[in-house]
Amino acid sequence: MKKWICKSCGLYKKIIPGHIKSGRKVFFIHNADNMNKTIKKGVVVSRNKDILIILSEGLLCMVKDIDVYPEDAPVYFVYNMFGACECPTK
Ligand SMILES: [Zn+2]
């Protein structure tokens, strides 16, 4: 968990969606019908600009990378509870 915490301010670092690569195990927000958002787990197969192709439960899903986060990352509610790091990235 330590690598997600900023050394300067002690808050959680934001995930950089562009850094999520193929082969990565991720959670993603699956938008079934715009009303029912569910969190699913899968593996990134490939990327096309800001769209990631994710294999989940035998199905391929196309998901915007901002709706994807690595399996080992702190979950979003942690950000909401404690705030996220705003330090400029080096
Ligand atoms: Zn910081």
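Details
- Karplus-derived HN-Hα couplings along region 57-66 (A = 6.51, B = -1.76, C = 1.60, θ = phi - 60°), whole Hz, x at Gly and Pro: 6, x, 10, 8, 10, 9, 9, 5, 5, 6
- Straight-line cross-link partners of residue 3 among the aspartates and glutamates, defined as a Cα under 15 Å from its Cα and at least 8 positions apart when in the same chain: 71, 72.
- Relative contact order computed over the chain (Cα-Cα under 8 Å; 6+ residues apart), in percent: 33
- Cα-projected label distance for residue 55 with residue 81, points at 7 Å along beta-carbon direction, nm: 3.4
- Relative exposure of 30, 19, judged by other C-beta atoms within 10 Å (fewest first): 19, 30
- Region 2-82: equivalent-ellipsoid semi-axes (sqrt of 5 x gyration tensor eigenvalues, Cα, Å): 24, 15, 10
- Reachable lysines, given that their alpha-carbon falls under 19 Å from the alpha-carbon of residue 49 and they are not under 8 places away in the same chain: 21, 25, 64
Only the coordinates and a few stated rules stand behind these numbers; no lab work does. Since the structure is predicted, the reported quantities are computational estimates derived from the model, not experimental observations. Quick reminder, even Gly has a Cβ in these numbers, built from the backbone with ideal geometry, and neighbours come from all protein chains shown.
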